[in-house]
1. State all residues of the range 483-509 that are assigned to a helix (DSSP H, G or I) and among the small types (Gly, Ala, Ser); if no residue qualifies, say none.
2. Can you name every one of the strands (runs of 3 or more DSSP E) wholly within the range 1-101 that holds 2 or more residues which are buried (at least 22 other Cβ atoms within 10 Å of the Cβ)?
3. Looking at this structure, is residue 104 under 19 Å from residue 360 (Cα atoms) and part of a helix (DSSP H, G or I)?
4. Tell me which of these residue 406 doesn't satisfy, since it passes every other one: (1) in a helix (DSSP H, G or I); (2) under 30 Å from residue 500 (Cα atoms).
5. Any residue at all in the range 271-281 that is closer than 27 Å to residue 104 by Cα and out of contact with any Asp or Glu (no Cβ under 8 Å at 6 or more places or on another chain)?
6. For the range 270-320, which positions are part of a loop (DSSP other than H, G, I, E, B) and either at pLDDT 95 or above or farther than 19 Å from residue 358 by Cβ (or both)?
7. Pairs needed: first member in the range 623-635, under 15 Å from residue 242 (Cβ atoms) and part of a helix (DSSP H, G or I); second member anywhere, modelled with pLDDT of 80 or more and of a type outside the set (Asp, Glu); C-beta distance under 9 Å; at least 6 residues apart or different chains.
Amino acid sequence: MSGFEGPLAARAGLLLLLGAAFVLTLSGVPALLLPRRSLSGSRWTVRLTLAGCAVGIAGAVALLAASAPAALRLPGLFLGEGQLGGDALSGFFALPVLFVGGLGAVYGRTYWDPRRHPRHGRRLQFSYGLALASLLLLLAARDGFSFLIAWETMALATYFLVVTEEARAEVRAAGWTYLLYSHAALLCLVALFALQAQLGGGFAFGAIPATAAPKALTALFALALVGFGIKAGVMPLHSWLPDAHASAPSHVSALMSGVVLKMGIYGLVRTLGLVAAPPLSWGVVLLAAGGLSAFFGVVFALAQHDLKKLLAYHSIENIGIILLGLGLAMAGRATGRADWVVLGMAGCLLHVWNHALFKSLLFFGAGSVLHATGSREIDLQGGLAKRMPATAGLFLVGAVAICALPPLNGFVSELAIFLGLARAALGPGPAWAALPAAALAATGALAVACFVKVYGIVFLGTPRSEAAAAAKEAPAPMLRPMALLAAACVAIGIAPGLFAPAVDRGIAAWAEDTGALLGWGRFLPLGRLAVVAALLILLTALISLRLAPLCRRARERQPELPTWDCGFAGASPRLQYTASSFAELITSRFGWVLAPRFRWPRIEGPFPEASSFHSEIADSVLERLLRPGVRWLVRLSERLRRYHQGSLQQYLLYVVIALVILLLVSLQPWWPVERLGGS
């Protein structure tokens, strides 16, 4: 250790974050050492995970409170001097990692009981702790080599989490797709850090001068957007995400959606913050990518029948919303609009927290439904609110939050982004920056329609299967983490001002030179939002208290009267709306992008055989672009195989042709080739 710089609070925070990573790495070891079905190993794993998360939360809070960042230099690491560091941005992203990670460990101990899953339990617990540790090391990395090591560790650990049930073919396919995308992202990041080292003078993260060649900056932005965009699930780089999230255990899905995706956002924020003078086109591209991901993410979610896959597509939607905030902030830096920077980054950063909270809550709720009924199929649920009232109530909190409805947390962060886009339309500067506001508004409306469908079909009505009719409430160890997440959603919605200093610290760590220290509370009426949110919750509570005794007395007076059946005394649950029929009015307008597949019933003759209607929505990018492209490459490779005949003369001819081409390129002054970093 050749140098440890920074104020005491920042150095203490960095050491606590590294100590937490060490404890989390070891958290799965007790499960490995004890028998497969041992509850003691599972208990000790959860205890160590919670201890590591508590230490890490203390370190993240210290980094947020520090006046300057900390830097730790490690000589001789890899090919040069390694650097670790901690600042407010690292602390901001570390908090959801540790909060969601700790609650997921508690939830997973009951959800994935080692007595019921002896084959996978130990590997799952060890990989879970290793994934959390790699996320913390990623946030502390301050040079390209350290970042790539932590990035690849995170990718491999989450791969083993995804393929927990590797005996199922669809799980193996989802795992391989995830692994292929992860390594494509890794290749982009290797090129990114090599280019960054060329521009900045080394692999350590440092400011990229404004004098850098425009072509080099464009390549830097493209590599960052693709490499980090794959991990974040930005459309059209998202195709690994729905199947991976659906195939993983539910607490792993919560970790991946709520936390792991945000590492792509963190990488973008960190990399783009190093550029001294970003061009306006970067903000335009981010706004376009954000609007595309948000709108079409929710469109694909509306068409899903699988509950967890539906939530996975909503993760793509919310990543798009986060990108809208980042794009607005980048456009603000390019045009000198500090208010765009503040509102855009405030919405971006706060939505990182908010999405981690309500999406983890929703995945935990989906896991409770799966735990009780054994199915993720929406059309096989129904009537679960009577059988699982706590799960239904907590899931409803997450649904209201993700729809950005007041008084919960999703409303606050999306309002900041929306106000920033509105200021672009009303104030001086390029008014086109307000165009994504329409996509954001449409996304919110479609999200409401989607969760009305989900909640109505899964929790209301009558059971649509025997498993749903026999469902029982989730155990208390699974409900407590959900309750804490719901409480956090309510807390940020009611009192956003309490969390404003942390957001301001994160903005200042990213853009000190744009007036961001003014604070986002100057542009957003946080006090009035808190009052309105409190009044809404009070009004809802009063209405509920008033209606509850009336409903109870009505049931006592008429206990035997059935619900009016419209003359169909033998009504079947099959007469209820299905997920497809509920959303058909909206999804039919987007058939050109959804490309639905139908299996129509065959009704022939006076006595037709039993048949059914089935519809399926596959991922358009994967099925209509990537897989056909791979098949074309396979056919091309088979045709090229004839040129590999083992003939020495033929190989020598290939070498001569290659040398001639290289000579033409190097000797002809008219050849249109320029060095990437040249003028």
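The values are calculated or read from the model by the stated rules, or taken from the named source; none is laboratory data. Because the structure is a prediction, the values reported are computed rather than measured. FYI the Cβ positions are ideal-geometry reconstructions off the backbone, even for glycines, and counts take in every protein chain you see.
1. Scanning the range 483-509 gives 483, 486, 487, 488, 491, 493, 497, 500, 502, 506, 508, 509.
2. Output list reads 82-86.
3. Criteria met by residue 104.
4. (1)
5. no
6. Scanning the range 270-320 gives 274, 276, 277, 278, 279, 303, 305.
7. 623/239; 626/239
Results for (1) in contact with a Gly (Cβ under 7 Å, 6 or more places away or on another chain); (2) surrounded by fewer than 23 Cβ atoms within 10 Å (Cβ to Cβ), shown as yes or no for each residue.
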position	(1), (2)
237	yes, no
241	yes, no
254	yes, no
268	no, no
281	no, yes
287	yes, no
297	yes, no
311	no, no
